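The values are calculated or read from the model by the stated rules, or taken from the named source; none is laboratory data. All of these numbers come straight from a predicted model, not from anything done at the bench. FYI the Cβ positions are ideal-geometry reconstructions off the backbone, even for glycines, and counts take in every protein chain you see. The area values use the complete protein model at the heavy-atom level, side chains included, leaving out ligands, DNA and RNA. Shrake-Rupley method; radii C 1.70, N 1.55, O 1.52, S 1.80 Å.
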Amino acid sequence: MQKNPFADIRIPVWVAMLVIALMPGLVFGPPLLSGKTIGPFDQMRHMVLGESAEQPQTDRAWDILQADGALQFYGWRNLVFQAHKKGQMPLWNPNELAGTPLLANSQSAPYYPLHLVPIAIKGIATGPYLVFLAWFHLSVAGLGVFCLARRLGAGVEGALFGGVAMALSPFAVSWSALPSVMTACCWIPVVLAAQSAAIQNPGTKSWLGLCGAALMLFSAGHLQFVFYGGLAWTVFGAVSLVASLQRPNIVMSLLASVSALALGVAMAWPQIGPTLAFSKLSHRKAVANEEGYAAYAASAIQPWEFLGTTTPVFMGTPGHFDAEDVEGKIPSTWMMYVKPGGNYAESAIWLGTPVILGLCLLGRRTDWRRLAPLAAVGATGLLLALGTPLARLFYFGIPGFASTGSPGRAAILFVLAACTMAAVAVPAEPTQSNPKAKALAYFALLGIALASILASTQMGGLKTWLPIELNSIVARRMVEAIPFLIGSLIAAAGAWYFWAKRGWLAVGTICAVAAHLVAVPLGVLPFSDPPKAVTAIDPGIRTAYINEKWDFFAAPRSALMPPNFATIYGTPEIGGYDSLMAKSSVDILREINRGEDAAPPTNGNMMFVKSGFDADALAAAGVTRVCSKFSIPDLLEERTLGEAHIYALPGPGIATAGDKPLIVTANTEGFRLSGPMDGHVVARFANLPGWRATQAGKDLPIGSGRWLEVEPVDRAAPIDFKYLPPGLPSPSLVMSLAYLNPLVAVLSLLAQAWKPKKPNSDRNPVESGNQPPDPA
């Protein structure tokens with residue numbers, strides 16, 4: 001028999017890992033080189049006071065979820081990085097909502113180890129660093145799947161394919177618009193790989209690896225996805241225990257993994273503790289009830305959303321307008337027309353044709369006992385994402401779960417499991433191929449692709465909540481998707497042929513990666529130039545920006561100063577936008593708006609001052625300037641700036657002693673009041689638990705009212721207010737962990753066994769190569 005030279009071409013482990021690490025550069029390389037950052041700043045620049053009021057022309061459709069990259073995360077990260085550079089603790093945001101916690105809002109993640117880099121590299125710019133971190137976290141997600149797949153018996157080529165599929169999955173790419181999501185999610189496969197290592201080869205290296213991975217996961221900031229990571233670890237460990245009871249010391253191995261996870265959580269506690277304590281005061285604190293569950297379940301993944309499983313273009317592409325929309329107002333992503341709050345990222349359960357092919361390759365020769373823990377993780381994620389009775393059990397049975405976001409986000413566990421299992425299904429050695437293999441797996445893929453096309457023609461029964469013709473939009477998406485589907489099917493055919501029949505594993509993997517790149521759109525994220533300083537805003541005056549709406553489908557034309565932009569520019573406002581804010585802050589805004597909800601219908605976390613505001617209540621909150629694009633007859637207009645009217649509002653200002661204003665100097669640890677202390681001092685910052693006031697070395701009792709009120713003991717000495725959120729350990733311990741945690745994280749990555757030790761064949765038949773996957 002003539003020897004086939006292509007079968008001898010194998011991909012070295014280091015090459016595979018390098019490829020996975022570099023592949024996210026297809027998404028993030030160009031913006032990193034050009035200095036742009038994540039977020040549609042260009043679509044909102046016209047709203048900023050002092051900028052041109054003319055709405056810029058853009059070829060991108062508006063995506064309300066992607067806008068949060070600019071509205072929330074850039075400001076939070078910039079505030080955190082600047083605090084680290086100055087040697088301050090990032091505990092409090094003085095610019096929004098009359099002061100609001102920063103560390104305790106969770107998603108700011110100040111003590112996530114990679115967010116401490118600006119301590120050492122003070123010249124690092126926020127915008128490019130956010131893009132670099134997005135690249136890094138997708139690389140970690142892919143490398144985590146690579147390690148996990150290798151632990152479960154995959155060859156290098158299969159693990160490379162699975163890692164790329166995960167790193168460039170629709171879920172991973174689209175959710176990179178909100179940095180906290182993939183900051184957390186990328187460590188879930190690393191945790192599972194480390195746990196698998198701790199079970200297979202217990203020892204110091206695997207224990208340290210799991211400890212470090214847990215530290216990274218639990219300090220990442222997004223508690224909902226952190227919970228999913230903990231859930232994946234629990235399910236994986238429980239099923240491993242059941243499947244491996246006959247293995248010596250399996251119970252001790254699992255106990256060791258529990259201790260490693262617990263230590264990782266303990267080291268992340270400066271991030272977790274304040275968030276859990278603050279959540280008791282949150283405006284999102286909800287009591288589990290049937291009405292709330294109905295709204296929660298309505299956001300679950302619906303059956304029609306699986307239409308994009310082979311090729312997500314069936315569902316539209318973020319940033320693209322509908323082809324027939326001559327005015328450029330209708331995004332092509334049509335799930336939002338069927339499900340209020342629907343979004344490409346929230347629906348991203350899709351896999352792409354090569355991953356489906358890999359799952360079809362799983363057969364009777366697969367060691368399902370070894371894959372059972374991972375399959376259980378994927379099944380759990382799918383059941384939660386679909387809003388099944390399991391989701392109901394979690395909603396009513398787990399404290400705090402009623403306050404989390406869409407159950408569809410649990411799709412991360414399904415996508416992770418699918419990519420890893422597809423990697424395991426790829427032959428690990430050329431000898432596992434079969435020249436006589438039947439194309440059953442590929443025919444199954446073709447059947448699924450045909451079902452997608454047929455299903456897209458049967459969407460007429462879907463109801464929309466908008467006066468829009470859905471059938472024609474879905475039909476146009478199908479026409480757009482078919483070329484991508486055909487191209488990916490052709491490349492997937494090559495992957496099946498070279499994997500299953502010829503044993504050309506490297507060539508087959510190249511075909512599979514090509515099929516994925518064709519099937520899954522990568523240009524879904526907005527990148528733009530970071531905002532520059534604005535000179536039109538006085539940093540010493542608290543301002544109210546009058547807003548009414550925030551649109552699902554287009555950047556608001558009448559909006560002024562996008563919510564939370566005050567944090568970017570370092571200027572105080574009474575409104576704001578935060579994922580976790582005190583109910584008392586929301587009550588202040590409701591009072592200012594004469595009992596009307598301050599949030600727009602599109603987003604319950606945005607707090608606006610609306611046009612019917614109560615001027616006296618606004619002044620009582622320390623506001624002395626009002627900016628609006630609408631005329632306000634009862635106020636004295638100081639000037640106009642573009643389309644904005646700027647009004648003076650008579651009032652005491654942010655801080656007073658008696659009836660005289662004081663100078664306020666604020667940072668992320670608190671603030672100082674300077675000036676003659678002639679009488680009772682009122683600082684109109686939210687009086688939340690954790691404040692301490694001192695003057696001339698003496699503690700001042702703080703009143704129990706809405707604002708921070710003290711009686712001075714010295715007429716000339718300044719008063720310092722320091723904020724230490726409940727649940728935070730002592731500052732010295734926090735700073736010690738802040739410097740120690742990055743070291744532990746680095747050691748954990750180095751401790752990962754990229755190539756597992758070869759165990760005895762009777763203990764691990766998959767890794768010993770004795771049970772190859774079914775080549776069909």
Protection-proxy order for peptides 17-29, 213-225, each taking the mean of Cβ atoms within 10 Å per residue, highest first: 213-225, 17-29
Cβ-derived FRET efficiency at R0 22 Å, Asn201 paired with Thr234, nearest 0.05: 0.55
Kirkwood Rh, angstrom, the range 170-229 [1 / mean 1/r, Cα pairs]: 11.8
The chain, relative contact order [Cα under 8 Å, separation at least 6], %: 20
Contour minus Cα-Cα distance for Ala262 and Leu18 (0.36 nm per residue): 84.7 nm
Area projected by the alpha carbon convex hull of the range 134-204, averaged over all directions, nm²: 4.7
Using a Förster distance of 25 Å, the FRET efficiency for Glu596-Thr665 (Cβ separation, nearest 0.05): 0.15
Where the chain is the region considered: accessible area per residue in Å², 1.4 Å probe: 37
Filtered GluC sites (Glu not before Pro), the range 247-341: DSSP coil and at most 11 other beta carbons within 10 Å: Glu324, Glu327
Label-to-label distance, nm, for residues given as Asp616 and Arg10 (7 Å Cα→Cβ offset): 8.3
Accessible-area order (highest first, 1.4 angstrom probe) of the listed residues Tyr497, Tyr129: Tyr497, Tyr129
Convex hull (Cα only) mean projected area of the range 586-696, reported in nm² to one decimal: 9.1
Gyration tensor verdict on the range 98-183 (Cα atoms; rounded if a/c is under 1.5, prolate if a/b is larger than b/c, oblate otherwise): prolate
When the convex hull of its Cα atoms is projected in every direction, mean area for the range 121-259 (nm²): 9.3
Principal axis dimensions, the range 248-360 - Cα atoms, whole angstrom, descending: 61, 45, 29
Sorted peptide list for 610-617, 95-102, criterion being average Cβ within 10 angstrom, highest first: 95-102, 610-617
Sparse-neighbourhood loop sites, trypsin sites (Lys or Arg not before Pro) in the range 449-558 - DSSP loop, at most 16 other Cβ within 10 angstrom: Lys463, Lys532, Lys549, Arg557
Restraint check, Lys280/Lys463; Lys36/Lys463; Lys463/Lys549; Lys549/Lys583; Lys285/Lys629; Lys85/Lys660, Cα-Cα greater than 29 Å: Lys280/Lys463; Lys36/Lys463; Lys285/Lys629; Lys85/Lys660
DSSP-loop trypsin sites (Lys or Arg not before Pro) across the range 43-108, with at most 16 other Cβ within 10 angstrom: Lys86
Additional length obtainable on full extension of the chain from Arg392 to Thr431, 0.36 nm per residue less Cα span: 9.3 nm
Rounded FRET efficiency, nearest 0.05, which uses the C-beta distance separating Ser472 from Leu450 and R0 of 25 Å: 0.65
Rel. contact order, % - alpha carbon contacts under 8 angstrom, at least six apart, the range 191-311: 31
Rg(Cα) / (2.2 N^0.38 Å) computed for the chain, rounded to two decimals: 1.00
DSSP H segments from the chain that extend 18 Å or more along their own axis, Cα-based, with Kyte-Doolittle mean of 0.5 or above: 126-151, 187-200, 204-218, 223-243, 250-267, 368-385, 411-425, 440-456, 470-496, 505-519, 731-751
Packing rank of 165-172, 331-338, where each peptide gets the mean count of other beta carbons within 10 Å, highest leading: 165-172, 331-338
Sulfur and carbon atoms: percent of accessible area, the chain [1.4 Å]: 63
Contour excess over end-to-end distance, with Cα ends at Ser732 and Arg557 and 0.36 nm allotted per residue: 58.2 nm
